[in-house]
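The values are calculated or read from the model by the stated rules, or taken from the named source; none is laboratory data. All figures in this text were calculated on a predicted structure; none of them were measured in a lab. Note that we place each Cβ from the backbone using ideal geometry, even for glycine, and neighbour counts take in every protein chain shown.
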Amino acid sequence: MSPVDPATEFVRLIDIMVRLRAPDGCPWDREQTIDTLKRYVLEETYELIDAIDRHDHDGLREELGDFLFEAVFIAQLEHEAGHFAIGDSVKAIADKLVRRHPHVFARDTGAEPLNTANQVRARWEEIKAQERGDQKKPAATLASIPVALPALARTHQIGARAASIGFDWERATDVIGKIREEVDEVAEALETSEGADRVEEEVGDLLFAIANLSRKLHVDPEAALRKANNKFTERFTAMEAAITESGRHLQDLNIEQLEAEWQRIKDQT
């Protein structure tokens, strides 16, 4: 692989973006706004995650480039509107990383050494809390967590942020007890016919507790659920193919027959 100068290529990408947005540039790129780009940011994010899940290194290289392009695109729009440029974003994250890693970048000043990932996470949250406290109007602990995050990812951040101030279960087994309690409350809501709103609320509480169990076990709930989805899809597709090859149709089988086929496929995988 030939060496590539990242600074040179990054500047080249910015220049390309400027050219695309120029009066004689690309009509499609010129009509985009930060709002119209949201769908593409989401698409590129999930395509990047998919490449990571598959450990597709060639695909990952390409998807990272697409992901970076969306950042440069949005920054160019903000620059044209007079708000900031991509350099400001790069500087902001660089400054933040240095500020939140005093155990790496401020060792000569006597910063406390950190030896474990848990210590680093705790210190990171402490520094974030200090930064929020330095603002003229201190923000609430959960205020900066984006509402638009996928629900599982937001639950993970809410739990981690609450835990950073000591509001958390002591052990993972304590969360299992909470999950059992929430399952019972779902069952109670169904038995008492309290209505769809109550059932939805109790199911939401159950999912919230399960996501927090994932956090306590250091499992990414989004990644775990994606793997479960993929596993189910592969097994269901194999079951469907086996039934079709036997000359039958899924719709013609009852639940007991489908379950028998499912167990057979499950035993093979």
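Computed quantities for the displayed model
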read-out	value
Conditions (1) surrounded by 10 or more Cβ atoms within 10 Å (Cβ to Cβ); (2) over 16 Å from HIS79 (Cα atoms); (3) among the basic types (Lys, Arg); number of the one not met by ARG19	(2)
The stretch 34-64, residues that are in contact with a helix residue (DSSP H, G or I) (Cβ under 6 Å, 6 or more places away or on another chain) and among the β-branched types (Val, Ile, Thr)	ILE34, VAL41
Matching residues, the stretch 186-234, being of a type in the set (A, V, I, L, M, F, W, C), under 26 Å from GLU170 (Cβ atoms) and free of Cβ contacts under 8 Å to residues at least 12 places away in the same chain	VAL219, ALA224
Test result for GLU245, surrounded by 14 or more Cβ atoms within 10 Å (Cβ to Cβ), free of Cβ contacts under 8 Å to residues at least 24 places away in the same chain and either more than 30 Å from ARG171 (Cβ to Cβ) or not assigned by TED's automatic domain parsing to the domain that holds ALA163 (or both)	no
Pick from the stretch 30-51, criterion over 28 Å from ALA223 (Cβ atoms) and touching a residue at least 40 places away in the same chain (Cβ under 8 Å), ranking: surrounded by the fewest Cβ atoms within 10 Å (Cβ to Cβ)	THR33
Filter result (in contact (Cβ under 8 Å) with a residue 12 or more places away in the chain and under 15 Å from VAL11 (Cα atoms)) within the stretch 71-87	ALA71, VAL72, PHE73, ALA75, GLN76, ILE86
Given (1) out of contact with any Leu (no Cβ under 8 Å at 6 or more places or on another chain); (2) surrounded by 11 or more Cβ atoms within 10 Å (Cβ to Cβ), number of the condition LEU77 does not satisfy	(1)
Output for the stretch 185-217, where each listed residue is polar (S, T, N, Q), out of contact with any Phe, Trp or Tyr (no Cβ under 9 Å at 6 or more places or on another chain) and under 14 Å from GLN157 (Cα atoms)	SER214
Test: residue in the stretch 55-78 that is modelled with pLDDT under 95, farther than 30 Å from ARG19 by Cα, among the acidic types (Asp, Glu) and not assigned by TED's automatic domain parsing to the domain that holds PHE208	no
